[in-house]
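To start, the structure itself, in structure tokens.
The values are calculated or read from the model by the stated rules, or taken from the named source; none is laboratory data. Source: prediction; values computed, not measured. All Cβ positions, glycine included, derive from the backbone under ideal geometry; neighbour counts span all protein chains shown. Surface areas here come from the heavy atoms of the whole protein model, side chains and all, with no ligands, DNA or RNA. Shrake-Rupley method; radii C 1.70, N 1.55, O 1.52, S 1.80 Å.
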Amino acid sequence: MSLLRNKLPVLVPGLAIVAMLVAVLVTSGSFGRQTAQQGEPDVIDKSLEGAIHAPDFPDHLPWLNIDQPLSLEDLRGKLVLLDFWTFCCINCLHVLPDLKELEEKYPEELVVIGVHSAKFTNEKDTEAIRQAILRYEINHPVINDYDFDVWRSYGTRAWPTLVLINPKGNIIGSHSGEGVFEPFDAIISKAITYFDARGELKRSPLANTLERERQPNTVLSFPGKVSADTKSKRIFISDSNHNRILITDQDGEIFDVIGTGAVGTTDGSFEEARLHHPQGTFLRDNILYIADTENHLIRAADLDARRVTTVAGTGIQASSRNESGHGTDVALNSPWALIGHGDRMYIAMAGPHQLWSFDPVSGLLEPYAGSGREDIIDGPLQSAALAQPSGITTDGKVLYFADSEVSAIRSADLNPTGRVNTIVGAGLFEYGDIDGPADVARLQHPLGIAYHDGLLYVADTYNSKIKIVDPKTRTVRTFAGTGEAGLADGPADRAQFNEPSGLAVLGNELLVADANNHAIRTVDLPTGVVRTLPLSGMDRLTISAVSASESVVALPGQEIAPGDVRIRIRMALPPGFKPVTAAPAYLQWQSSDSSVVGPSATAVNSNAATPLSYDLTVAAAEGRCELRLNAVVYFCEEANEVCRFDEMTMSLPITVGRFGQSEIEVPVTVHPTPGM
């Protein structure tokens, strides 16, 4: 959304620096701009000394991804790159991979700080920013600039804007827009050489505690979209941050998984394929098409052959808006949602603010609606202006889409000579939580939409509500959710969601991808009663989708007898949680000395009645060793059926002697990850 704010903050009187920076820092921000200007950032002082001293951060602002607030004085000797962003903004999200690459290239010389200056009210909330940091896997400190204090002090006018500060605290470069790696890489490299030669560069990595280290593991991680097949009653869950698609039945039993869980573009069997934060899906002829969003690809998963192929996109983000062509010859830009009609599939392409069409048979890809300008302008398909379309559905006559950055629900005729029309929505900075007729109704950054029985069900994401839009009367009413972010089942007027992002209808139920709750929720259409879909069949989930635990739990030492010995590891859950009986029966163990206890193996659950007990049958000889135990434990909250998992690595000292026992039981308490 590389926007100039059309409601600019008032400049602070008496700060001459603000007026100076406005002229120097922002030269490329504009409505609808997609990529940065070519070449290096504007260099304020060619000697890299800098002409303007960077304003420091106010003391009162909250920080995330770090244990304590930072000041620029704390960072003397470092190059500091400020990233002014807001988490709704697709262009801001496109900058994140470049920032990560810079951080990895210069881990001891460069400190990146995200300055989150919110567009939407929901984005001002520190907890909402924390969830965005987790969802977008951000590893650098972020400051919540909720009242535009830092934004104003730097004279910022566009999202995203980046400002580079030298080790002496002076500004040496700035840039607005995408494509930031190469220009900033060049100037950072020069600055490192320059200040290192003068002894003014401090080399040491920044110590920070990431938000993800404080969060529980969940079976689903920020599910972005959900779709359903009425005939087979299958549900397709985009488990976005686990980089996979789960296929379940209507009761939530998982019976297949697409993707290893690792990021990548690999085609092949479901067990080999790799995705990158997939979003929308669409089923046709038992082929599930997947918007592989951060790979900028469309993938096709053949559900009969259980194989994934790439059918559209090059794997590189498109740098232009209107280059049509065939299949894998055409670069895409953040495909976010899919729907089909006739022989075509339609793509909500968030990056260039357009709808695209794709013919899976011929492979033809082309823009369908939207000029690429980011705005809310109705008119003929090709000249209308859209704003980050992120959800799409159809009644068979027109396409309906959630145009998130203008907080609008709009339509595009299926007749290629037709028009784009706005049903509800008024502008880039016109949003709220108001029901009623279209001229007064307001939404806040809706991401999901589903058509059913003449009505449009809308995931009003930043209001944490589900709303109904009548496209004929152009009226809006709240269907479910209090508007307060949370997790609560029950009657529609008391239920709570947390940034719901995707919707689908299956029978008499509305399925909701409740992203920040890491859950699929269902809403009974006749009664409005909300419940959390319980997931089962987790034996289908592969361990490769989770990482090894970094901490080791030290268990009390045990003495066993020589010969054949049974060691039972019995795990206990904390109050309020219950085991998943169909979870993977998984506990791997290895001996530090296989001549004392061996061989290493994978243990299995002892019986269904004790789902968190594992029996290790070992052959022991006299001596001492250590058993290293690795387990993944699945369990659900009793109150709301949200399922989690905990990775555990345990160390069990063993003494084998003649006074030991041939059967022992070792109790283990599962300590929830911080934040659970």
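Within segment 53-65, identify whether any single residue is open to solvent by 10 Å² or more (accessible area, probe 1.4 Å), in a helix (DSSP H, G or I) and touching a helix residue (DSSP H, G or I) at 6+ places or on another chain (Cβ under 9 Å), and answer yes or no. Within segment 53-65, not a single residue is open to solvent by 10 Å² or more (accessible area, probe 1.4 Å), in a helix (DSSP H, G or I) and touching a helix residue (DSSP H, G or I) at 6+ places or on another chain (Cβ under 9 Å).
Could you list, in sequence order, all residues of segment 121-145 that are within 21 Å of L81 (Cβ to Cβ) and among the aliphatic types (A, V, I, L, M)? Even if it seems obvious, please write down each step before you answer.
Taking segment 121-145 first, the residues within 21 Å of L81 (Cβ to Cβ) are 129, 132-133, 136-145.
The answer is I129, A132, I133, I138, V142, I143.
The residue that is farthest from the chain's Cα centre (by Cα), among those in segment 176-208 that are farther than 23 Å from R76 by Cβ and of a type outside the set (A, V, I, L, M, F, W, C), is P183.
A residue that is under 24 Å from G313 (Cα atoms), in contact (Cβ under 8 Å) with a residue 24 or more places away in the chain and crowded, with 24+ Cβ neighbours inside 10 Å can be found somewhere in segment 410-429. From the list A492, A548, the one residue that fits, being at pLDDT 95 or above and either surrounded by 22 or more Cβ atoms within 10 Å (Cβ to Cβ) or outside any strand (DSSP E or B) (or both), is A492.
Only residues that are open to solvent by 10 Å² or more (accessible area, probe 1.4 Å), among the aliphatic types (A, V, I, L, M) and within 26 Å of V505 (Cα to Cα) were counted in segment 303-330, giving 1. From the set of residues in segment 270-302 that are over 23 Å from E178 (Cα atoms) and out of contact with any strand residue (DSSP E or B) (no Cβ under 6 Å at 6 or more places or on another chain), which is most open to solvent (accessible area, probe 1.4 Å)? Checking each candidate, the answer is D285. Scanning segment 137-168 for residues that are touching a Phe, Trp or Tyr at 6+ places or on another chain (Cβ under 9 Å), under 16 Å from V180 (Cβ atoms) and in a loop (DSSP other than H, G, I, E, B) returns T156, W159, P160.
Residue-by-condition table, conditions (1) charged (D, E, K, R); (2) over 18 Å from A348 (Cβ atoms):
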residue	(1), (2)
G379	no, yes
G391	no, no
D395	yes, no
L399	no, no
I409	no, no
V424	no, no
V440	no, yes
K472	yes, yes
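Is at least one residue of segment 523-540 hydrophobic (A, V, I, L, M, F, W, C), open to solvent by less than 10 Å² (accessible area, probe 1.4 Å) and part of a strand (DSSP E or B)? Yes, that holds for at least one residue.
Restricting A609, A585 to residues that are open to solvent by 80 Å² or more (accessible area, probe 1.4 Å), modelled with pLDDT under 75, more than 27 Å from the chain's Cα centre (by Cα) and among the hydrophobic types (A, V, I, L, M, F, W, C) narrows the list to A609. If you go through segment 261-316 and keep only what is over 23 Å from L447 (Cα atoms) and of a type in the set (V, I, T), you end up with V263, T265, T266, I287, V308, T309, T310, V311, T314, I316. Which of the residues spanning segment 99-116 are more than 17 Å from the chain's Cα centre (by Cα) and assigned to a helix (DSSP H, G or I)? Hits for segment 99-116 are E101, L102, E103, E104, K105. Comparison of I143, I165 shows that the only residue that is over 30 Å from V263 (Cα atoms), in contact (Cβ under 8 Å) with a residue 60 or more places away in the chain, in contact with a strand residue (DSSP E or B) (Cβ under 8 Å, 6 or more places away or on another chain) and among the hydrophobic types (A, V, I, L, M, F, W, C) is I165.
Of all the residues in segment 357-385, those that are free of Cβ contacts under 8 Å to residues at least 24 places away in the same chain and open to solvent by less than 40 Å² (accessible area, probe 1.4 Å) number 2.
Taken over segment 436-481, the residue count meeting the criterion of being of a type in the set (S, T, Y), over 18 Å from P526 (Cβ atoms) and open to solvent by 10 Å² or more (accessible area, probe 1.4 Å) is 3. Checking the structure you have, find out if any residue of segment 501-520 is under 24 Å from the mean Cα position of the chain (by Cα) and more than 25 Å from T230 (Cα to Cα). The answer is yes, given that some residue of segment 501-520 is under 24 Å from the mean Cα position of the chain (by Cα) and more than 25 Å from T230 (Cα to Cα).
Of all residues in segment 242-252, exactly one satisfies the criterion of being in contact with a helix residue (DSSP H, G or I) (Cβ under 9 Å, 6 or more places away or on another chain) and open to solvent by 20 Å² or more (accessible area, probe 1.4 Å), namely H242. In a residue-by-residue description of segment 463-474, the property of being in a helix (DSSP H, G or I) and in contact with a His (Cβ under 6 Å, 6 or more places away or on another chain) applies to no position.
Restricted to segment 495-511, and to residues there that are in a loop (DSSP other than H, G, I, E, B) and touching a residue at least 24 places away in the same chain (Cβ under 8 Å), the residue that is nearest to R521 (Cα to Cα) is F497.
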